[in-house]
Structure formats: C-alpha cells, structure tokens
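Notes follow the structure.
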Amino acid sequence: MVQDIIGQFHPAIIQIATQTGTGTGFYLKEYDLIVTNDHVVQDNAEVTIAGKTFEKTISRVWYTDRKHDLAFLEGPTGAELPEIRLGNYESLKDGDDVLAIGHPYGFNYTVTNGVISKVDRIRDGLKFIQIDAAINPGNSGGPLVNASGEVIGVNSFRIQGGDNLGFALPVNYLRAALQLYAPHRGTVSTRCHSCDYLVLPENIDSEKYCPACGSEVKLPKMPEQEVAPTGVAKTIEDILKELGKDVKLSRDGVNRWEVREGSARIKITYNAENYFVVGDAYLCQLPQDALKIKPLYQYLLQENYRMNGLVLSCANQNIVLSCIMYDLDITKESGVHTFDNLFRKADFYDDLLKNEYGCVDRIEE
C-alpha cells in the first residue's frame with residue numbers, strides 16, 4: 001500500500017530552485033497549480049521547477065501567503081501529471097500513520113514515514129500537525145500524506161536540534177487558500193498577513209498597502225531589473241551566458257548550477273569557504289561486462305596524462321570529468337575557456353566511452 005502511494009505521488013512532486021535555496025512542491029491538477037511554502041520562493045517572482053515527466057523550466061509565482069507560509073506556482077505546460085486528492089483534516093487523530101515526501105539535502109524523491117504526534121499543535125495562532133517523520137532542508141513545501149494516499153498537510157518546518165520534531169500546515173488552511181485564489185488564477189496576488197484579504201494588482205493601495213487594513217504587502221511582481229548575484233557567483237553566471245546557457249534554468253540553489261551538454265550533465269559548485277570553483281561533468285557509468293573495465297581504466301589514465309586542466313575519475317559507478325579553479329584566479333575569459341573545454345569534452349567522452357568501452361547511460365532520478 002505504501003509503495004502504491006509513493007508511486008502515485010512521485011510524478012506530482014516538483015523540485016524548486018532559486019538563487020538562494022531549494023525546496024519541494026506538489027502539483028494539484030484540479031487547480032492547475034503547484035503548491036509550496038512561501039519561504040521556498042523567498043520573494044522571487046519566478047523560480048525553476050523540474051519533475052519526473054518534464055525538463056527543468058521557469059515557473060511564475062502567482063500567489064504568496066506569508067502568514068500560512070504558502071505559495072502557488074504556475075503548473076508546467078504539456079506535462080502528464082497525476083491527480084492527487086486533498087484529505088480531511090477533521091478526521092485526523094494522534095497516532096495516524098503519515099508519509100512526508102520531498103527533496104531533503106538534494107536527495108531527490110525521499111520518503112520518510114512516521115506518525116502524527118499531535119494533530120493540533122498551536123503555533124503563532126495557527127494549528128499545525130506535529131509529526132515524527134523526518135523533515136529536513138529541501139523537504140519544505142512537500143506533501144504530508146495519510147495512509148489513504150491523500151494530502152493532509154504541507155510540510156513547513158522543523159525544530160532545530162529536535163529529534164524528528166516536524167510540523168505541517170493542515171490541509172484545511174491549504175484548501176481555504178486555494179478556494180480564495182481560484183477565481184483569480186493567472187493573476188499575481190498576495191494574502192495580507194494581518195487581515196487575510198486577497199491583494200491583487202487592481203486593488204492594492206499605493207502599490208504597497210493592503211486596501212482592507214493598510215498593512216504593507218508585496219505582490220510577486222517581476223522586478224524591473226533582476227537582482228543579479230555578486231562576486232564569484234556573478235562571474236560564473238557571466239561565463240554561462242557567454243557559453244549560451246540559460247542562467248535562470250541553470251540555477252540549482254546557493255552557489256550551485258547545473259547545465260546539460262549533449263547527453264552529459266554538468267554540476268558547477270562554488271565553495272566560498274574553501275575558495276574554489278568545481279565543475280563536475282557526470283558522464284556514463286562503468287560497463288556491465290567486467291572484462292571491459294580494465295581497458296577502460298587504462299584509457300582513463302592515459303587521457304589524464306594527456307589532458308591539461310581536466311581529470312577523468314570514477315565515483316562509485318559513475319565516470320566524472322572534472323575541473324577545478326581557485327576563486328581568486330577565475331576571470332570571465334579564463335572561465336569561458338575552461339568551461340567550454342569541459343562542456344565539449346564531456347559530450348565527447350560520454351559518447352566515446354559508451355561506443356568504444358561499453359559504458360552505459362547513467363541512472364538518473
């Protein structure tokens with residue numbers, strides 16, 4: 001039964017990334033919206049999303065709700081996504097079995113199971129479902145699911161240092177927000193944190209105040225000029241632009257980017273604490289025929305001897321082509337040269353290793 005629920009939900013679970021972090025969302029077909037936490041989108045009018053049935057793309061933020069920590073995003077175009085049901089909060093009891101689904105710490109499609117510790121834990125004037133299923137960074141915005149395969153909450157936060165002290169916003173708050181926004185779908189909006197009034201472009205007072213109570217609010221409007229990263233992160237994005245990559249789609253969290261070159265996937269990371277930039281191109285996997293592994297290793301060693309600035313290695317079953325640059329040394333010109341070389345060689349080696357040494361395609365989530 002649990003396996004059936006997991007299989008049902010996986011295609012509807014969405015990965016979300018911004019310049020400042022990552023999180024989880026889930027698609028509701030009835031409303032054609034992706035549900036997540038407000039703190040996941042963090043004042044961004046656009047975020048990148050990816051799922052099992054569609055490639056990474058840009059999604060518009062339509063609705064934000066600071067008080068309930070909710071946000072609604074535009075659903076992907078043309079993707080085949082399943083219909084998942086909302087459950088009934090009033091029927092929940094302490095001790096009920098639950099599943100929390102999300103992408104904690106970058107581990108995609110992770111499921112943790114547990115029970116409801118307390119159905120109605122009060123916090124900041126709202127009821128939350130307290131659970132002992134592990135909720136970690138990256139889980140935020142994912143669904144909390146009951147034993148019948150229904151969404152009963154939105155995973156929202158955990159207590160730092162607590163032993164599996166997680167909290168989910170109950171589904172009744174989510175349902176009320178969806179019904180409030182549904183007549184205005186496709187229009188940017190925000191729910192006033194003071195009076196719960198739905199603020200829209202046509203009723204916002206002086207472009208910054210709730211017309212009902214006067215509290216200062218902020219619509220998820222596209223900025224006139226994008227807030228660009230600074231320092232080394234800006235240099236990396238300038239390099240990616242120069243190489244024809246879509247920077248918005250490349251962003252994969254704080255100081256992380258991911259691009260495709262042919263069949264290869266390249267991850268770029270800036271480690272500000274250790275002062276270096278790493279590019280890892282994940283190629284294919286080791287051949288299944290054990291007799292081909294020795295000549296493959298010999299070839300990789302020979303190539304490493306010949307190459308300058310790039311290294312081929314094996315990480316578990318994966319063959320990885322890497323480069324490393326210190327942040328004080330990297331410039332746009334040097335970075336373009338290095339990453340262009342990495343991208344071209346990644347696509348070249350991926351094809352060659354599969355054709356000449358029987359390597360197989362990577363298994364990707």
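When you go through (1) outside any loop (DSSP other than H, G, I, E, B); (2) under 30 Å from Leu86 (Cα atoms); (3) touching a Lys or Arg at 6+ places or on another chain (Cβ under 9 Å) one by one for Gln179, which number turns out not to apply?
With (1) outside any loop (DSSP other than H, G, I, E, B); (2) under 30 Å from Leu86 (Cα atoms); (3) touching a Lys or Arg at 6+ places or on another chain (Cβ under 9 Å) applied to Gln179, the lone miss is (3).
Against the definition (touching a residue at least 24 places away in the same chain (Cβ under 8 Å) and in a strand (DSSP E or B)), how does Leu342 come out, yes or no?
So Leu342 does not fit the description; no.
Mind checking whether some residue in the range 3-17 is more than 15 Å from Leu169 (Cβ to Cβ) and in a loop (DSSP other than H, G, I, E, B)?
No; the residues of the range 3-17 include none that is more than 15 Å from Leu169 (Cβ to Cβ) and in a loop (DSSP other than H, G, I, E, B).
Is there any pair with a first residue in the range 74-91 that is over 27 Å from Lys127 (Cα atoms) and hydrophobic (A, V, I, L, M, F, W, C) and a second that is outside any strand (DSSP E or B) and modelled with pLDDT of 90 or more whose Cβ atoms are under 8 Å apart and which are 6 or more apart or on different chains, and what are they?
From the range 74-91, the pairs are Leu81/Ala12; Leu81/Lys29; Leu81/Gly75.
From the list Leu296, Leu301, Leu249, Leu243, exactly one residue is out of contact with any helix residue (DSSP H, G or I) (no Cβ under 8 Å at 6 or more places or on another chain), in contact (Cβ under 8 Å) with a residue 60 or more places away in the chain and not assigned by TED's automatic domain parsing to the domain that holds Ala182. Which is it?
Every option except Leu249 fails the conditions.
Hey, among the residues in the range 46-64 that are within 10 Å of Ile16 (Cβ to Cβ) and touching a Lys or Arg at 6+ places or on another chain (Cβ under 9 Å), which one's surrounded by the most Cβ atoms within 10 Å (Cβ to Cβ)?
So the residue we want is Val47.
Within the range 191-205, can one find any residue that is out of contact with any helix residue (DSSP H, G or I) (no Cβ under 9 Å at 6 or more places or on another chain), assigned to a strand (DSSP E or B) and surrounded by 17 or more Cβ atoms within 10 Å (Cβ to Cβ)?
Yes: one or more hits.
It is to be established whether one or more residues within the range 7-22 are surrounded by fewer than 16 Cβ atoms within 10 Å (Cβ to Cβ) and either in contact with a Cys (Cβ under 7 Å, 6 or more places away or on another chain) or within 26 Å of Asp132 (Cα to Cα) (or both).
yes
One residue is enough: does the range 239-258 have a residue meeting the conditions touching a Leu at 6+ places or on another chain (Cβ under 8 Å), buried (at least 19 other Cβ atoms within 10 Å of the Cβ) and part of a helix (DSSP H, G or I)?
The answer is yes, given that some residue of the range 239-258 is touching a Leu at 6+ places or on another chain (Cβ under 8 Å), buried (at least 19 other Cβ atoms within 10 Å of the Cβ) and part of a helix (DSSP H, G or I).
The values are calculated or read from the model by the stated rules, or taken from the named source; none is laboratory data. As the structure is a prediction and not an experimental result, all values here were calculated from the model. Reconstructed Cβ throughout: ideal geometry from the backbone, glycine too, with neighbour counts over all protein chains shown.
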